[in-house]
Structures are given as C-alpha cells and as structure tokens.
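These notes are about the structure you will find just below.
The values are calculated or read from the model by the stated rules, or taken from the named source; none is laboratory data. These numbers come from a predicted model, not from an experiment. Using ideal geometry, Cβ is built from the backbone for each residue, glycine included, and neighbour counts are taken over all protein chains shown. Protein only, heavy atoms only, side chains kept; ligands, DNA and RNA dropped before computing areas. Shrake-Rupley method; radii C 1.70, N 1.55, O 1.52, S 1.80 Å.
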Amino acid sequence: MYSPLPLVLLVLATVGVALSLASGGLLQPDWSLAILLAALLARHSLWPWVLPSLLVHDLALYWTPWGVFPLACLIPSIVRNLDEQIGPGLPQRMAMLLIVSLPMLHYGAGTMQWLLTLLLCMPLWHALARMYDRQYA
C-alpha cells in the first residue's frame, strides 16, 4: 500500500533545513530534526529514507556527518530489540530521543533551541504514530 506521507515529511524536512539555515540567529527549534526524529520514532521501519535525510541535515547545518546521524543510525535496531524484550513503550523512545538529540548541544545549539526541538518532536511523533496506526489497521 503506497502512502504519500514519507514524501510529504521529506519535503517538510527540506523546508525545515531551509528555515534553520535562514533563521539569522532567531531562537527556533530545529524543524527538520524534529520532523525526521518524529518519523523515525513513530515507525522505525522508515529508516531507509530518514537516515539519509538526517545525514543531509547534519552536513547542511553542522558541516560534519558526526552530528545526530551516527546516533540516529542506532535507533531502528535498539528500538526493535527493546520492543522484543520489554515490549513497546514510551520510556525507551523518550530516552532514545534525548540521547540522539544531545549532539545538537555540542554543535552550537543552545539549551533553549534543544528544548524547543524536543517539544516540537514529541507531538509530531505522537501524531505520526497515530496516523501510521490508522493506516495499517
């Protein structure tokens, strides 16, 4: 079953990178990162298009592939293993979100930008999870 949702999210993530690059020092969340992490946490099987997008995000904003990308590569396998061992749950996904987003602080994002990104990611993640559950039900 074809879903246009990944394509829409990819376009929104591209617009998010443009917003982050054109912000001119304004305090705003990392729109692209919030959208991509929300998609990855909502459905870990989306990694084939989310991970390359995160690599482009890191290269565009941090000028290095060692930002969020390496930790995000671990999410699909870790979440899958945790889901098999202790069942799907919010705590392990919240922990992964916090750990994966920490490199933002190292690469120049302030604490407020980091918190705004997390606060944007959580409702997006829940909305996407609900959309995917309805789509596959």
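Summary table
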quantity	calculated
Order by protection proxy (mean Cβ within 10 Å, highest first), peptides 79-92, 36-49	36-49, 79-92
Net charge over other residues, Cβ less than 15 angstrom from the Cβ of Trp47 (K, R count +1; D, E count -1)	+2
Segment 9-62 shape via C-alpha gyration tensor axes, a/c threshold 1.5	prolate
Backbone N within segment 15-45 under 20 Å of label point (7 Å from Thr111 Cα along the Cβ vector)	26-30
Calculated from backbone phi, Karplus (6.51, -1.76, 1.60) coupling profile of segment 100-113 in Hz, x at Gly/Pro	5, 7, 4, x, 4, 5, 5, 9, x, 6, x, 4, 5, 5
Segment 58-100: C-alpha gyration tensor shape, a/c 1.5 cut-off, then a/b vs b/c	prolate
Accessible-area value, Asp30, 1.4 Å probe, nucleic acids and ligands omitted, Å²	0 Å²
Distance histogram for segment 7-137 (every C-alpha pair counted, 5 angstrom bins, percent rounded to whole numbers)	2, 11, 22, 26, 20, 11, 5, 2, 0, 0
Whole-Hz couplings from phi, Karplus 6.51/-1.76/1.60, listed for segment 82-91; x for Gly and Pro	5, 5, 6, 7, 10, x, x, x, 6, x
From phi via Karplus (6.51, -1.76, 1.60), per-residue ³J(HN,Hα) for segment 42-49 in Hz, x at Gly/Pro	5, 8, 5, 7, 7, 4, x, 10
